[in-house]
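Please treat every number below as a calculation from the coordinates, not as lab data. Everything numeric in this text was worked out from a predicted model, so none of it was measured. As a convention, Cβ positions derive from the backbone with ideal geometry for all residues, glycine included, and neighbour counts pool all protein chains shown.
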Amino acid sequence: MHETIERMMDVVAKGDDTQIGPLLAEGIRFQPPTYWATWTGREPVAAVLGHVGKVFSDFRYRRVMGEGRDWALEFQCKIGDLDAVGVDLITLDDDGLIETFEVVMRPLKSIAALREAMNARVQTDPRFLEYRKALS
């Protein structure tokens with residue numbers, strides 16, 4: 001397994017954006033499961049993943065598939081009292097950093113709970129006012 005993938009599996013559920021950031025390429029593109037949009041850039045994506053790590057509980061990776069640059073990591077977690085499963089689709093750049101990170105999840109009820117919890121968190125995080133300006 002690639003060392004970046006191994007390290008990411010260790011830190012993503014901890015919700016510590018200071019540990020997640022160094023694994024991300026400067027121009028990373030992140031596509032969340034809650035809406036059709038792309039977050040771009042190391043700092044905003046690390047912040048989003050940091051919040052996700054605090055919303056998910058009982059997080060664990062169940063299967064890891066891939067080689068080289070392309071990886072799929074199947075996970076399960078809880079969002080409040082709801083169960084969820086998903087897959088992190090990850091592409092690494094030439095330096096071995098995460099270049100693209102797309103998350104697909106089910107069921108819909110759990111994704112709705114994730115969206116609600118994330119919206120509540122980012123509304124109290126002043127960094128997101130700046131990140132949203134950059135997205136506009």
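Listed values for segment 102-118 are Karplus-derived 3J(HN,Hα) couplings in whole Hz (6.51 cos²θ - 1.76 cosθ + 1.60, θ = phi - 60°), namely 10, 10, 10, 9, 8, x, 4, 4, 6, 5, 4, 5, 5, 4, 4, 5, 5, and x replaces Gly and Pro.
Approximating the spin labels as points 7 Å out from Cα along Cα→Cβ, the R63-to-D93 distance works out to 3.1 nm. Apply the a/c threshold of 1.5 to the C-alpha gyration tensor of the chain and tell me whether it is rounded, prolate or oblate. Verdict is oblate for the chain. Between E3 and E26, the simple label model (points 7 Å from Cα in the Cβ direction) yields a spacing of 2.1 nm.
Shape class of segment 1-73 from the Cα gyration tensor (axes a ≥ b ≥ c, square roots of the eigenvalues): rounded, since a/c falls below 1.5. Amide H contacts under 5 Å for I28: G41, R42, restricted to partners 5 or more places along the chain or on a different chain, H placed in the peptide plane at 1.01 Å from N. Out of Q76, M8, G66, whose Cα points farthest toward the positive end of the dipole of segment 3-125 (charges: +1 Lys, Arg; -1 Asp, Glu; placed on Cβ)? Going by the Cα projections, it comes out as Q76. Under the classification rounded if a/c is under 1.5, otherwise prolate if a/b is larger than b/c and oblate if not, where does segment 56-128 fall, given a ≥ b ≥ c as square roots of the Cα gyration tensor eigenvalues? Since a/c reaches 1.5 but b/c is at least a/b, the shape of segment 56-128 is classed as oblate.
FRET efficiency for the T124 to A72 pair, using the beta carbon distance and R₀ = 41 Å, is estimated at 0.80. Using only side-chain charges placed at the Cβ, +1 for Lys and Arg and -1 for Asp and Glu, the dipole size of the chain relative to its Cα centre rounds to 620 debye.
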